Structure formats: structure tokens, C-alpha cells
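The values are calculated or read from the model by the stated rules, or taken from the named source; none is laboratory data. In this text the structure is predicted, and so the values were computed from the model without any measurement. Every residue, glycine as well, gets a Cβ built from its backbone with ideal geometry; the counts of neighbours run over all protein chains shown. These area figures cover heavy atoms from the full protein model, side chains too; ligands, DNA and RNA do not enter into them. Shrake-Rupley method; radii C 1.70, N 1.55, O 1.52, S 1.80 Å.
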Amino acid sequence: MGEVFLAWDERLERQVAIKRVRTDVFLEGRQRERFRREARMAARLSHASIVQIHDLVVDDAGGTGDAIVMEYVEGQTLADRLVRGPLPIADALRIAREIAEGLAAAHEAGLIHRDLKAENVIVTPAGHAKILDFGLARPLFRDGEKLWDGEGLTQQGALIGTCYAMSPEQASGDDLDERSDLFSFGALVYQMVAGRSPFRAENPQATLTRVLTAHPRPLSEDRPDTPPGLVHLVERLLAKDRDDRPRNAEQVVRSLQQIERGLPAEDLPGPDDNSLSNMSTDVLSPIRSKGTAATEAPVRRVKGWILVLAGALAALVLAATLPYLLARRDPRPARTRQVLVMKPETLGVQDEGLSLAAAGVLSSTLSGLANLQGISALDPAAAQHSSSVLEAARNVAADEVLISALQKDGRMARVDLRRVDAAGGVLWSDSLRVSTDPAGLRLLNDGIDQLLREAYEGFAPRQGRPLLAASDLDFAEYLEVRQQLDAGTRDLRPVLEQLARIVDRSPRFLDALVLAAELFHSLFESTKKPADLQRARAYVQQARQLAPLDPRTQRVEFLVALAARQQDEAARILENLEAGNPGDLGTLLLRSRLEESRGRFDKAEEALRLAVERSPSWRNISWLASLELERGKVSEARRHLNDLLKQTPGNLWIQEQLAYLELIYGDLQRAEQIYGQLARSHPQRSHFTSLGQARSLRGRFKEAEEAYSRALEIDPGHPIAMLNLADTELDLGNRPSADALYGAVLQRLEGGQLSARLSSKEEMMKAQCLARLDRAAEAREAARNGLSLAPHDAQRLFEAALVHSVIGDRAAALAFARDAVSRGMAPRWFQASAFDPLRQEPGFQSLLRSGGPEQGR
């Protein structure tokens with residue numbers, strides 16, 4: 001019906017968008033006047049999620065036609081974005097909430113959109129949504145009457161809109177109210193998450209039939225990671241009967257906010273509930289004034305309303321809470337209390353200062369809890385894949401959850417903290433105000449620490465706990481580093497350089513030292529460069545001098561010792577950890593890692609099974625499944641992983657483990673499918689590497705080469721990706737390229753550290769490279785070393801068979817191949833060209849014809 005131009009507003013010196021209505025097909029006489037009135041009405045809307053109408057240009061001369069002057073928004077339509085596939089769940093939730101907020105504002109003003117679809121939503125470069133084309137909206141009917149005195153642009157009963165996006169009542173030509181837009185909104189959310197319209201068919205007639213009669217399959221079938229609350233909400237929005245949908249857009253906004261927070265969508269807060277501090281508490285603790293005004297210091301306690309109770313009521317409250325207070329003051333808890341710390345939520349107006357303050361709250365909370373005896377803090381990473389706070393607590397077997405929220409309050413921010421037990425009961429709550437200025441964030445740490453000491457009065461501070469020894473600017477810069485890491489930065493080197501500068505300026509800054517040690521340890525696990533391990537050890541030693549009993553220091557010290565193959569030193573550190581944190585499940589997991597590194601797989605599995613018995617969280621069970629796979633217990637591992645995937649269908653870790661199991665032992669097509677989905681939704685080096693392996697096994701070597709190349713773009717020089725690419729180049733007949741890659745992998749492994757210190761996997765990689773480069777004796781020795789560290793691992797046995805086949809030791813290769821298959825390795829793996837020397841062996845032919853003990857299970 002019109003054309004849109006980008007134009008320049010000379011008066012206000014800004015870009016605008018002008019929509020000119022085509023006079024040859026639309027708007028004559030009375031119809032034109034109705035259009036003008038409705039455009040004027042839509043211009044009254046002023047909301048961040050609605051493209052603003054600036055002006056209505058009336059062409060009485062009839063030359064160019066009437067035009068609407070609108071806000072120009074840089075970005076792309078949601079439809080253009082969805083061409084690349086469905087949105088990540090977090091992005092879909094945020095965009096859906098912003099659209100729902102815009103709808104709520106329009107409905108409040110008496111307008112419905114009638115054509116809400118992906119083409120009419122624009123997404124800015126910052127990721128925010130704005131609704132287009134409210135200029136052609138219709139006056140809102142509620143209870144059969146219009147909310148403002150204007151006639152609709154179309155006659156009553158006429159069909160207008162986009163067929164796959166309209167509601168059943170709109171398709172039937174009935175009166176419309178705001179619930180019609182909510183149906184269209186539900187179809188849009190479905191499309192954002194599933195990547196397809198729920199009703200679109202081969203032609204308009206079939207589409208309208210689906211709108212009127214069809215019920216789309218649940219979102220969880222297309223996207224297992226969809227939060228259950230969102231699945232339920234979309235089903236309600238797409239109800240055929242408008243009375244079964246949510247009452248209004250405000251209700252939808254609150255429901256989406258709950259889902260974003262990780263809470264069930266059904267537990268809708270009241271209209272004024274926009275802060276954690278408004279939620280009811282089981283225990284009211286008085287807020288004690290520090291005698292300092294907000295203008296005098298960046299941190300102070302909030303002065304809440306004060307209840308003056310009669311003496312009798314005060315006595316009743318004291319009698320009710322005294323047992324709880326006494327229990328909290330028990331200085332010797334029976335075992336370490338597992339506290340899940342949720343990522344702080346930011347409410348209301350967002351800005352960089354509030355985001356940085358939220359990072360400070362998280363860092364200070366984790367640090368403050370580490371300073372308390374008998375507390376084990378689980379960071380937010382443990383809560384991923386959970387649809388609610390209580391589900392997160394169950395998934396990690398936490399005793400309680402610590403929740404925080406921040407909201408802008410002028411130049412300050414209000415921080416609300418709550419302790420919630422595993423059943424949802426509020427144990428404690430309190431608030432403080434903090435500065436969002438980087439120069440004042442250091443005092444935030446002191447305020448959070450003070451609150452936590454009061455919240456956990458029964459848990460004594462650790463001896464020798466250091467104070468925060470960092471300048472204001474160093475602490476703020478440290479928080480920026482944490483933000484980069486939370487955002488998933490792939491290149492650790494610049495982050496580590498920044499962190500090193502912070503430590504140089506503030507050498508007694510414990511949190512920075514521990515983080516630097518953790519990151520250098522993580523980097524070493526990837527690069528195997530001794531310099532990275534040495535840097536990790538140096539930072540650990542500095543941290544140990546400051547806080548030898550801090551569990552964070554001890555844990556990273558344990559990991560560094562284990563990485564250096566210093567099992568006795570790691571055992572000593574672990575004993576100290578166990579003594580200082582009785583009953584801490586984390587120490588059981590570290591115990592399992594230690595025993596595994598020593599080759600004591602029975603003891604490693606025993607420790608893991610004990611951890612699972614005490615805490616049947618998905619993470620503990622998944623670790624047990626990993627160890628079961630290494631020990632050749634494929635059936636047990638598959639059973640555990642399938643059960644976990646039913647419990648947490650969106651869990652990426654479990655999907656990765658199942659894909660790996662199927663790749664090595666089971667359904668190759670399923671493995672490729674899962675890895676393909678993971679590579680699209682979460683493009684990581686490991687996903688592309690595994691996708692390449694699946695394609696290679698299916699004989700699609702060129703596609704495998706593409707996947708390995710993509711993996712090396714993400715993580716240049718990674719030895720596993722290089723080794724797999726070398727094998728593929730060999731299969732494609734590119735021998736010089738393959739040899740160069742084998743040499744590069746070998747140089748990386750041997751240059752990383754002494755061969756005697758390589759892990760089982762790394763020894764076998766080294767053996768494969770040596771075999772391909774015709775260094776048979778060295779290859780045989782490396783394979784022997786690798787098998788000695790993991791004698792029951794089917795993957796290692798397969799690699800030993802490959803090495804011996806390449807160097808021409810057919811008898812040993814056949815023996816290792818039989819052992820690998822007996823432990824669950826799928827015979828298809830032996831179709832690789834490396835096993836060509838065995839093709840004529842009767843025993844090998846029989847092996848290839850066998851289904852393997854795990855096939856079909």
C-alpha cells in the first residue's frame with residue numbers, strides 16, 4: 001500500500017523514514033480521513049519498543065499522496081534475522097519481552113496492531129526490538145466497545161492482515177481486542193524459537209485453515225532447551241478461544257520476566273512487583289542504620305519502612321524466630337553448606353554502570369562466601385540449563401540459593417539479596433545502596449561482605465582472611481575482565497595481559513591472583529606450553545602467601561599440581577581441603593580426578609558414585625557417565641545420559657556427551673545430527689571437530705575438511721583439530737599437506753612438555769603422528785605409554801590399533817582392534833584407510849562384519 005524512503009529532517013538535522021501512501025491503490029474520501037485520524041492516534045504512542053511517528057504530511061493537492069514521517073531505526077527486521085535460523089533462547093526471551101512491553105503500551109492507549117509479524121519488528125545493532133507500522137492500527141474493542149472514538153480503517157468483517165500471523169477471530173472477521181495481538185505475538189515467539197511459523201502452509205487458504213483449526217506441536221519438540229515456562233506461555237497465547245489466552249500484554253510481560261529470571265511463568269508477580277525487595281519474607285530482620293547518608297559514601301544500608309509493633313506482638317515474633325536464630329549461630333555445622341549463587345539480575349533502566357555493579361555484586365558475593373567456614377559457594381555456571389531457581393537448586397543439590405537483583409536509583413543502585421532454601425522458603429533478605437561509578441565500586445565489596453556476615457551469622461570467618469587490597473580503579477578493571485569472561489571471550493591472551501597488569505599494581509589482590517591462576521591453568525590445558533603452567537604456579541604461590549586456607553586458592557593449587565603430574569603434592573593439598581571443608585561434595589570430585597590421574601579407576605569411580613549418591617545432580621551424574629565411558633561401560637553411560645536428557649532437555653553438556661557416545665560407540669547419524677545442531681547454535685571448536693569426525697566416518701571427506709578448517713579458525717593450532725585435518729588430507733590424497741600437519745602436531749606436543757608427562761590422549765596423538773611420519777619405534781613406545789595410563793579405554797585401544805596398523809604390526813593391530821570392539825567401539829571406525837593393511841586378514845573381516853556388543857542398544 002505504500003513506499004518507504006530514507007530522508008533527512010533539515011529542521012532537526014536527523015534521519016527519518018517517510019512512508020508515502022500510494023494514492024493509486026488506497027485512500028480516497030472518507031477512508032482517507034479515517035487513516036489520518038488513526039495515524040494521529042498512533043503518533044501519541046511513545047515507547048522504547050515502538051517506532052515513533054513524528055509527523056503526518058497531508059497532501060491535499062493530491063500530487064504525491066499522504067505520508068507518515070517516522071523515527072529512523074538502524075538495524076534489520078526480525079524476519080531478515082530469522083533467515084539465519086532460530087534465535088538463542090536468551091535473545092528470544094529478551095526480544096519477546098520488549099515487543100510485549102510495546103504492545104502493552106499500545107493497548108493501554110486504545111490501539112491494536114492487527115499485523116504483528118517478524119517483518120514488522122526491527123532489531124537494532126544493540127539487539128533491541130522496535131515494532132513498526134502502528135500507524136495503520138485499529139481502535140481497540142473491549143467488551144464490545146471501542147476505547148476511543150474512531151472508525152476502523154477497514155469495514156467490519158473485512159479481512160486484513162497477514163494470514164499466517166492473524167488470530168482466529170481476525171481470520172473470521174470478528175470484533176478484535178488486545179488478545180488478537182497476543183495470538184499474533186505467540187506465533188511470532190514460536191517462530192523466533194523454532195525457526196518456522198507455526199501455521200504457514202503452501203497457500204493462503206491452507207494457512208488460514210491451520211490458523212482456525214491446527215494446534216502446533218510444542219516448542220520443546222523443536223528446541224529441547226526451551227524453558228518449560230515459555231513452552232506453556234506460547235501454548236496459552238496460541239489458544240483458539242481468546243478467553244483461554246492471557247488477559248493482557250502486561251500479564252505476558254510479567255510472565256516473560258519470570259522466565260528470564262529462571263522462575264516458573266505461572267508464579268506471576270503482582271503489578272507492582274519489580275524488585276526482589278517487594279517479595280514476602282519468612283523472616284524480617286531489622287535494618288540497622290550505619291549513620292551515613294547516601295551522599296557521604298557510595299555504600300549505605302537502605303532505610304525501609306519501620307513497623308512499630310505492640311509489645312505482645314514483638315514477643316510473639318521473638319518466640320517464633322528464636323529457634324531459627326539459635327540454629328544459625330551454631331559455629332560448627334555438621335557438614336559444608338552448599339550455596340548456589342545466582343547471577344545478579346538487573347532491573348529497569350540498563351546502563352554500563354549498572355552492568356559493572358552487577359559484576360561487582362557477583363564477584364563480591366563469591367569472595368565473601370569463600371571467607372566463611374562451612375560454606376561452599378557454587379557459581380552461576382552450575383545453574384545453567386535450569387528453568388527456575390528451585391530447579392537449579394535441585395540440579396546441583398544445593399542446600400540453598402543466594403539471589404541478588406540491582407535497580408538504578410539515581411546515581412546509585414539498590415541491591416537486594418535473599419537467601420532461599422531448596423524448598424523456596426526465604427531464610428533472610430536485606431538491601432544496600434551502591435555507587436555505579438567505577439571509582440566507588442570497591443566499597444561495594446565491603447558492603448556485600450558485611451551483609452553476608454550478618455546473613456550467615458552461624459558461620460565463622462576463616463582465619464587470616466585478607467581484606468580487599470586493590471585500588472578503586474584496579475577493582476573496576478578486574479570486574480571488566482570478569483564481564484569479558486562471562487560474555488564468553490575466546491581469546492584469553494589479551495584478558496590475561498590485562499589481569500597481569502592489575503596484579504602488578506595490586507599484588508595483594510587475592511581475587512585477581514586466583515582468577516589469573518585459573519585462566520593460565522585453563523590455557524595450559526589447551527596449549528600444553530610449560531610457560532603457561534609456570535605462570536599459573538607463580539600466581540598460586542602469591543595467592544597462597546595471602547590466604548593459604550582459602551578454598552579457592554587450594555582448589556586451583558590442586559589443579560596446577562595435577563596438571564604438572566605431581567600427584568603426591570595434589571594429594572596433600574586435597575587432604576587439607578577435605579579437612580577444612582568436611583562433607584564438601586567438590587572435594588569428592590577432586591578426589592575422583594586424583595585417583596583417575598593415578599590410574600586407580602576403581603577408586604575414581606567409587607568417589608564419583610559416592611558424590612552421586614549424596615548429590616544426584618545432573619553435573620555429577622554426567623561426570624560419572626564420562627568415567628564409565630573411559631572404562632568401557634557404555635550401556636551404563638548411555639542409560640545415565642538418556643535419563644539426564646529427559647530431565648534437562650536443553651542441557652548442552654549432556655547433548656555433547658551423548659553425541660560423543662554415539663560417535664564412538666553407537667548411532668553415527670544421530671551423532672552427526674547432534675553435533676551439527678551444536679555447531680550452529682554454539683559454534684565452538686570442539687563441536688566442529690566432532691562434526692568433522694562424524695562426516696569423515698561417513699565418507700564425506702570434503703565436508704569433514706570444511707568442518708576441521710572451521711574448528712581451526714575458531715582455535716588456531718589446536719592439536720586435535722590439526723590431527724583430524726591431517727588424516728582427512730591424507731584421505732583426500734594431499735600427502736604433503738598431511739605430513740606438514742602431522743609434524744606441526746608433534747612439535748606442539750613435544751614442545752609443550754616432556755613426553756613422559758603427556759596425558760593418555762596426548763600420548764596416543766603423538767603415537768599417531770610418529771606412525772604417519774614413519775618413525776615406527778617411537779610410535780610404538782608412545783602408544784605403550786598412552787595405554788598404560790588408560791588400559792580400559794576403548795578409544796585409546798582403537799588408537800593403538802590404528803598406530804600398529806600404520807607401522808605394519810598387523811598382529812598387534814588386530815589384537816588391539818578386538819579389545820576395542822569388545823569394550824564397545826563400533827566396528828565402523830575400522831573402515832578408515834589407516835586399516836588397509838588389515839583388510840585381507842580373516843579375523844579383521846570378521847570384526848568388520850560384527851555388530852559390536854553395543855550396536856543397536
For the pair Gln747 and Arg493, the simple spin-label estimate (label points 7 Å beyond Cα toward Cβ) gives in nm 1.6
How much net charge surrounds Ala783 when only the other residues with a Cβ under 14 Å from the Cβ of Ala783 are counted, with Lys and Arg +1 and Asp and Glu -1? -1
Would you mind telling me the share, in percent, of accessible area of the range 649-721 contributed by carbon and sulfur at probe 1.4 angstrom? 47
May I ask you to evaluate 6.51 cos²θ - 1.76 cosθ + 1.60, the Karplus curve with θ = phi - 60°, for each residue of the range 800-806 and list the ³J(HN,Hα) values in order in whole Hz, giving x for glycine and proline? 5, 4, 4, 4, 6, 5, 5
Distant-in-sequence amide H partners of Asp430 (H built 1.01 Å from N, under 5 Å): Leu417
Using a ≥ b ≥ c from the Cα gyration tensor of the range 440-482 (square roots of the eigenvalues), is it rounded, prolate or oblate, where a/c under 1.5 gives rounded and otherwise the larger of a/b and b/c decides, a/b for prolate? prolate
What order do you get for 191-197, 356-362, 346-352 when each peptide is scored by the mean count of other beta carbon atoms within 10 Å, highest first? 356-362, 191-197, 346-352
For the range 582-665, dividing by residue count, accessible area per residue (probe 1.4 Å) in Å² works out to 39
Amide H partners (placed H, <5 Å) of Asp9, local residues excluded: Arg14, Gln15, Val16
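Rounded, prolate or oblate: which fits the range 665-707 when a ≥ b ≥ c are the square roots of the eigenvalues of the alpha-carbon gyration tensor, with rounded for a/c under 1.5 and prolate only if a/b beats b/c?
The shape class here is oblate.
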With every protein chain kept in place and a 1.4 Å probe, the range 167-229 has an accessible area per residue in Å² of 39
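Calculate, in nm to one decimal, what Glu13 and Glu575 gain on full extension: separation in residues at 0.36 nm each, minus their alpha carbon distance.
Result for the pair: 195.3 nm of gain on full extension.
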Non-local amide H neighbours of Val121 (under 5 Å, H modeled in plane, Pro and chain starts lacking H): which ones? Leu78, Ala79, Leu132
Using a Förster distance of 45 Å, how high is the FRET efficiency between Arg700 and Ala469, based on the Cβ-Cβ distance and rounded to 0.05? 0.20
Please find the FRET efficiency linking Gln831 to Ala811, where r is the Cβ-Cβ separation and R0 is fixed at 25 Å, and quote it to the nearest 0.05. 0.75
Taking all protein chains together and a probe of 1.4 Å, list Thr124, Thr207 from the most accessible to the least accessible. Thr124, Thr207
Using 0.36 nm per residue, how much length does the chain from Glu108 to Arg20 gain when fully extended, once their Cα-Cα distance is taken away? 28.9 nm
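Against the 2.2 N^0.38 Å scaling, with N counting residues, where does the range 398-536 land? I'd like the Cα-based Rg ratio to two decimal places.
1.22
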Considering only protein heavy atoms and a probe of 1.4 Å, how much of the accessible area of the range 341-464 is carbon and sulfur, as a whole percent? 48
For Val58 and Ser759, compute 0.36 nm times the residue count separating them, minus their Cα-Cα distance, and round to one decimal in nm. 244.7 nm
Mind scanning Lys529/Lys702; Lys130/Lys408; Lys702/Lys761 and naming the pairs with a C-alpha gap bigger than 29 Å? Lys529/Lys702
Under a crude label model (7 Å from the Cα following the beta-carbon direction), how far is Glu454 from Val349 in nanometres? 2.8
Sum up the charges of everything whose Cβ sits under 14 Å from the Cβ of Asp472, counting Lys and Arg as +1 and Asp and Glu as -1, but leave Asp472 out. -3
Using a probe of 1.4 angstrom, how much of the accessible area of the range 518-561 is carbon and sulfur, in percent? 51
Output ³J(HN,Hα) for the range 590-601: one whole-Hz value per residue in order, computed from phi by the Karplus curve 6.51 cos²θ - 1.76 cosθ + 1.60 with θ = phi - 60°, and x for Gly and Pro. 5, 4, 4, 5, 5, 5, 5, 5, 8, x, 8, 5
For a Förster distance of 45 Å, can you work out the FRET efficiency between the beta-carbons of Arg775 and Ala90, rounded to the nearest 0.05? 0.35
Mean separation of Cα contacts under 8 Å, 6 or more apart, over the residue count of the range 169-224: relative contact order %: 28
What dipole magnitude, in Debye to the nearest 20, does the range 430-577 give about its Cα centre under +1 on Lys/Arg Cβ and -1 on Asp/Glu Cβ? 500
For the range 364-484, what does the accessible surface come to per residue with a 1.4 Å probe? Please give it in Å². 33
